[in-house]
Amino acid sequence: LGPGRTATAVAVGSRHTCVTLDNRALKCFGAGAWGQLGSNRSFSIVRVDNSLPAVNLGPGRTATAVAVGSRHTCVTLDNRALKCFGAGAWGQLGSNRSFSIVRVDNSLPAVN
């Protein structure tokens, strides 16, 4: 998870896991074909070591809570915004669209 980092919370889905760290960074691993890992790629991450990057939640943003489904992830941020990513065919991302969100960066809007 990173040198000196510890997990403070964990959310486990049927295919992936996300961990909130003591510095409130979010790291996800496991199956990632639908973008649910927040890695900006649609592939699985099976190696969990110091090189596992944190999810880019936006400038200065940190995670306060995380929940995962079988193919999507939702994160509550320190500013109380909610961001969701991954499979969205059934509207589970709150984006008012029925498609997946793979790219997680500054442009990912909060759920309105």
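Here are a few things to note about the model shown:
- The string of couplings for the stretch 48-56 from the Karplus curve (6.51, -1.76, 1.60, θ = phi - 60°) is 10, 8, 4, 7, 5, x, 6, 5, 7 Hz, one whole number per residue in order, with x for Gly and Pro.
- If you wrap the tightest convex hull around every Cα atom of the stretch 1-65 and split its volume per residue, you get 83 Å³.
- Evaluated at q = 0.12, 0.22, 0.23 Å⁻¹, the base-10 log of the normalised Debye intensity for the chain, with identical point scatterers placed on the Cα atoms, takes the values -0.34, -1.23, -1.35.
- For the stretch 23-67: relative contact order, % (alpha-carbon pairs under 8 angstrom, 6 or more apart): 40
- In percent, rounded to a whole number, the relative contact order of the chain is 23, using alpha-carbon pairs under 8 Å and six or more apart.
Where a number appears in this text, it was derived from the coordinates with a stated rule and is not lab data. From a predicted model like this one, the values you see are computed outputs, not experimental measurements.
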